[in-house]
Amino acid sequence: MNTNSVIPIFRIFDEHIAKEFYLEYLDFSLDWEHRYGNDFPLYMQISSHLLTLHLTEHYGDCSPGSAIRISISDLEDFHRTLLSKNYKYSRPGIETTEWDTKEVCVIDPFGNKLTFFEEQD
């Protein structure tokens, strides 16, 4: 079996709040949106560099409160960028772990946890 990529799916409950968090605060790009009809739940794909996520309002697609770890370079620059946005609901810090990583953890408005990490030299 050859695998090319993994695309996590996060449960969301409000399209506008999700877009504010992922598109404005975390700087993801909106790739596409899908609804089966007018006034149906949203399913959308967003991406940032090499990371792709699916966000869904559909009941049963996945559980809220999921977590992923995302390896990035220049974590401190990423952290400064997040803080410079003055996002009302998140002001994450940088943690140095016992397993020799630096980490910035953000939790989306729906309880999903994204931990951005960089291996220390």
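Taken together, the values in this text are just the output of simple stated rules run on the coordinates, not laboratory data. Keep in mind that this is a model prediction, so the values were computed, not measured. Glycine also receives a Cβ, built like all others from the backbone with ideal geometry; neighbour counts cover every protein chain displayed.
Can you work out ³J(HN,Hα) from phi for every residue in region 87-98, in order, using Karplus 6.51 cos²θ - 1.76 cosθ + 1.60 and θ = phi - 60°, giving whole Hz and x for Gly and Pro?
5, 4, 9, 8, 9, x, x, 10, 10, 9, 9, 5
Can you give the % of DSSP beta bridges in region 9-119 that are antiparallel, to the nearest 5?
Values: 20 of 28 bridges.
Around 70 percent antiparallel, to the nearest 5.
Kindly write out, for region 10-25 in residue order, the coupling ³J(HN,Hα) from the Karplus curve 6.51 cos²θ - 1.76 cosθ + 1.60 (θ = phi - 60°), rounded to whole Hz, with x marking Gly and Pro.
For region 10-25, the Karplus curve yields 10, 7, 10, 10, 8, 4, 5, 5, 4, 5, 4, 5, 7, 8, 8, 7 Hz.
Once phi is turned into θ = phi - 60°, what whole-Hz ³J(HN,Hα) does the Karplus curve with 6.51, -1.76 and 1.60 give for every residue of region 100-111, x standing for Gly and Pro?
Per-residue couplings from phi come out as 6, 10, 9, 9, 10, 10, 10, 10, 6, x, 10, x Hz.
Any idea what the relative contact order of the chain is, in percent, if you count C-alpha pairs under 8 Å spaced at least 6 apart?
On the way: 199 pairs, mean separation 30.3, N = 121.
Dividing the mean separation by the residue count of the chain yields 25 percent.
Tell me the angle of helix 75-84 to the major Cα principal axis of the chain, expressed in degrees between 0 and 90 and rounded to the nearest ten.
So the inclination is approximately 60 degrees.
222 nm [θ] for the chain, helices only, -39500 (n - 2.57) per DSSP H run of 4+, per residue, to 500?
Details: 2 runs with 15 residues, N = 121.
That calculation yields -3000 deg cm²/dmol at 222 nm.
Modelling each spin label as a point 7 Å along the Cα-to-Cβ direction, I'd like the PHE40/TYR89 distance in nm, to one decimal.
Computed distance between label sites PHE40 and TYR89 equals 2.6 nm.
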